[in-house]
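The values are calculated or read from the model by the stated rules, or taken from the named source; none is laboratory data. For clarity, every value in this text was computed on a predicted model and none was experimentally measured. Here Cβ is always computed from backbone atoms with ideal geometry, including for glycine, and neighbour counts include all displayed protein chains. Accessible surface areas use protein heavy atoms only, side chains included; no ligands, DNA or RNA. Shrake-Rupley method; radii C 1.70, N 1.55, O 1.52, S 1.80 Å.
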Amino acid sequence: MIKELNVIQPSSVNVDFAQYETKFKALADQKRLKIMHELSQKGSVCVCDLMEIMEMPQSKLSYHLRILLDAQMITLETRGTWSYYELNHAVVNRLLSPELCCIFRSIDDKQSGCCS
């Protein structure tokens, strides 16, 4: 049985590099990485608890949370007067997936079927 490979040709790749730039800039900070780690460990976390966990004043924490929100790395849910943040697993998993890695593969790698 011959299996047909879905090979992405360089001329047919339509990649929104600005979207990835925003996401990787959001990841390029230790404090934001720690925020994401805490959210991955604790699930949905109130901003008041994050201030304590991160040992950071609300103004600085809000700055980092805004960057992560703009990059869609986290989600925000308002419950009453409190804001709860959670890791956006779908976006994080997509960044770590073969889909993104395939963008940077050589033509030979793509033709071998690594990006099917």
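Annotation: of all residues in region 99-112 being within 16 Å of Asp16 (Cα to Cα) and surrounded by 10 or more Cβ atoms within 10 Å (Cβ to Cβ), the one that is modelled with the lowest pLDDT is Ile103. Taking region 27-77 as the range and being more than 20 Å from Val91 (Cβ to Cβ) and touching a Phe, Trp or Tyr at 6+ places or on another chain (Cβ under 6 Å) as the test, only Cys46 passes.
Okay, residues lined up against (1) open to solvent by 70 Å² or more (accessible area, probe 1.4 Å); (2) aromatic (Phe, Trp, Tyr):
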| position | (1), (2) |
| --- | --- |
| Tyr20 | no, yes |
| Arg32 | no, no |
| Trp82 | yes, yes |
| Leu95 | no, no |
